[in-house]
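J.: Pasting a structure below so you can have a look.
The values are calculated or read from the model by the stated rules, or taken from the named source; none is laboratory data. Because the structure is a prediction, the values reported are computed rather than measured. All Cβ positions, glycine included, derive from the backbone under ideal geometry; neighbour counts span all protein chains shown. When the accessible area is computed, the model is the full protein with side chains, heavy atoms only, and any ligands, DNA or RNA have been set aside. Shrake-Rupley method; radii C 1.70, N 1.55, O 1.52, S 1.80 Å.
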Amino acid sequence: MNKDVIYKDLDSLLNTLNLIQEEQAIIKRKLSGLLDNVVPHHFIDWAEEIHQQILNREAALQLLRKDIIALKKTIVQKKSIIYFVDNQYVKLITKYKEQLAYLENEFKLWAKVTAEKFDTIVA
């Protein structure tokens, strides 16, 4: 694997993190809009739980982003053209891909359940 392929992989991971954060921001705005209206107490409890889940996910996304950016900087600092085959960088990228896949799948399931709950509240 050469540097360009690794850069593309890392950029792809960062783009996916950005998409999750953008979609989560939409849910956050819906939640804020919902709370601006008169809402029964049990919905406020639910909203607080959702907000905590959002904060936890944002922290996980930021930690993963930090790790990916640090790896990218390390690779950028390498002066020569290096081919990465079965080494620490490939292992780290694989680990980050697995972590991101988990976060993305967990987010999609959570977003679906949350959207359905919003629909029942608004309807």
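J.: Whether any residue in the stretch 68-88 is at pLDDT 80 or above and closer than 30 Å to PHE43 by Cβ is what I want to check.
T.: Scanning the stretch 68-88, I find no residue that is at pLDDT 80 or above and closer than 30 Å to PHE43 by Cβ, so the answer is no.
J.: For a quick check of your reading of the model, give me the residue pairs whose first member lies in the stretch 29-53 and is at positive phi and polar (S, T, N, Q), whose second is open to solvent by 80 Å² or more (accessible area, probe 1.4 Å) and in a helix (DSSP H, G or I), with beta-carbon atoms closer than 8 Å and at least 6 apart or on different chains.
T.: none
J.: Under 7 Å between Cβ atoms, at least 6 apart or on separate chains: pull out the pairs that start in the stretch 59-77 with a residue that is without any contact (Cβ under 8 Å) to a residue 40 or more places away in the chain and at negative phi and end on any residue that is of a type in the set (Phe, Trp, Tyr) and assigned to a helix (DSSP H, G or I).
T.: ASP67/TYR96
J.: Among the residues that make up the stretch 14-32, is at least one of them modelled with pLDDT of 90 or more, touching a Phe, Trp or Tyr at 6+ places or on another chain (Cβ under 6 Å) and either farther than 27 Å from ASP4 by Cα or of a type outside the set (Asp, Glu) (or both)?
T.: yes
J.: Another question about this same structure. For the stretch 1-57, what are the residues that are farther than 13 Å from ILE121 by Cα, of a type in the set (A, V, I, L, M, F, W, C) and not in a helix (DSSP H, G or I)?
T.: So the first thing to find is which residues in the stretch 1-57 are farther than 13 Å from ILE121 by Cα, and the list is 1-29, 32, 36, 45, 48-57.
Checking which are of a type in the set (A, V, I, L, M, F, W, C) leaves us with 1, 5-6, 10, 13-14, 17, 19-20, 25-27, 50, 54-55.
The one that is farther than 13 Å from ILE121 by Cα, of a type in the set (A, V, I, L, M, F, W, C) and not in a helix (DSSP H, G or I): MET1.
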